[in-house]
Each structure stands twice: as C-alpha cells, then as structure tokens.
Amino acid sequence: PKAKTLQVLDQKRTHRFRLMAQNPRVASSGGSIHVASAREYPLSTSFTAVITKLKPGSVHAPHWHPNANEWHYVAKGRTRVTLFASDKRLATAELAVGDCAYIPRGCGHSAQNIGAEDCEIVGVLDSGTYSEALLSDWIAKVPRHLLANNLGLPEKTFANLVQRRSSIIAAV
C-alpha cells in the first residue's frame with residue numbers, strides 16, 4: 001500500500017500550537033508566563049491558554065483580568081491563591097497537584113509557590129484576547145492624594161513610587 005502524506009495546515013488554521021517552544025510573555029528569576037491567545041495562536045479566538053511557572057517562594061503578583069474569567073489548574077507543585085474582590089471580600093486557598101480554582105472576571109488575585117520545588121499552573125481564560133492589569137501598575141498611576149486619603153497615610157509616603165512592570169516577584 002502507498003504511504004499517505006500528512007497535510008500541513010497553514011499556521012492560521014492548524015489545531016496544533018507549540019506553546020512552550022515560544023518565548024515567554026514574562027520571564028524573570030522567579031519564573032515565567034507563556035501565553036497562547038488569538039494573537040499568538042490565531043485559531044484560539046474564544047480562549048487563551050496560560051502556563052505559569054514559579055520558583056519556590058515566587059509570586060505571580062496581584063493582578064486581574066478585566067475581560068475574562070480564569071480557570072486555574074495546578075499541574076506541578078503547591079500554590080497559595082489569594083483572591084481579593086472589589087466588594088472587600090478576600091479568600092485564600094492552598095492548592096496541590098490536581099486542584100483547580102475559578103477566578104471571576106475582574107477579581108484580583110495572586111498565586112505564590114509555597115512548595116520546595118518549582119510549580120506549574122495551567123490557566124485558561126474565556127477570551128481570545130489576553131489582558132492582565134497589575135495592582136502595582138495601578139498604584140503607581142493613582143494620584144498620591146487618593147492613596148493617602150484611602151489608606152490613611154501621609155501623601156509623602158507615596159512620593160517615590162516607581163512604576164516597575166513586574167508580573168512575577170522572585171523570592172528573596
């Protein structure tokens with residue numbers, strides 16, 4: 001019998017995407033974040049895949065996704081996920097391999113590696129557009145008098161805030 005040849009699909013139509021072969025969206029001494037949104041993977045128009053790798057003690061800094069709900073699955077290691085909602089609710093959960101969490105759209109959250117080994121988190125967002133708002137970016141841009149009034153601290157406390165985009169904070 002004659003061998004069949006496989007048809008190679010155009011990148012915009014293929015069902016296959018080598019996520020971990022791509023450059024990470026974020027890379028630091030504390031870990032990395034790989035993203036497959038419609039921008040990187042054109043077929044992915046209704047969801048985004050995110051792989052977050054954290055070194056022990058490192059944190060995916062407080063952030064939120066203004067346009068998507070997130071499903072968060074721990075594939076390796078142990079994490080502590082903290083959610084902070086706009087209505088002042090706060091929740092913390094420790095997750096191990098096989099555990100997952102749901103994070104509602106716009107709900108602030110962070111993930112910390114609380115284990116002794118690297119951890120890997122598989123995230124899925126229900127939007128083909130990846131958007132992440134960092135709490136540190138927001139604080140750096142807010143007028144200092146608003147921070148002072150809301151936090152009950154002198155305005156000079158916030159005089160030297162510098163905007164540093166740091167999605168992953170390495171353990172010290």
Could you please let me know if VAL124 is surrounded by fewer than 18 Cβ atoms within 10 Å (Cβ to Cβ), within 21 Å of ILE33 (Cβ to Cβ) and of a type in the set (A, V, I, L, M, F, W, C)? yes
Only residues that are open to solvent by less than 50 Å² (accessible area, probe 1.4 Å) and touching a residue at least 24 places away in the same chain (Cβ under 8 Å): list them for region 86-101, please. GLY98, ALA101
Leading residue by the ranking (farthest from the chain's Cα centre (by Cα)) among those in region 132-170 that are under 18 Å from ALA27 (Cα atoms) and at pLDDT 80 or above: ALA170
If you go through GLY57, GLY108, the only one that is within 24 Å of ALA170 (Cβ to Cβ) and surrounded by fewer than 17 Cβ atoms within 10 Å (Cβ to Cβ) is GLY57
May I ask you to list the residues in region 127-150 that are over 22 Å from ILE51 (Cβ atoms), open to solvent by 80 Å² or more (accessible area, probe 1.4 Å) and of a type outside the set (D, E, K, R)? TRP138, HIS145, ASN149, ASN150
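The values are calculated or read from the model by the stated rules, or taken from the named source; none is laboratory data. Bear in mind the structure is a predicted one, so any value in this text is a computation, not a measurement. Glycine also receives a Cβ, built like all others from the backbone with ideal geometry; neighbour counts cover every protein chain displayed. Heads up: the accessible areas ignore ligands, DNA and RNA and are worked out on the full protein's heavy atoms, side chains in. Shrake-Rupley method; radii C 1.70, N 1.55, O 1.52, S 1.80 Å.
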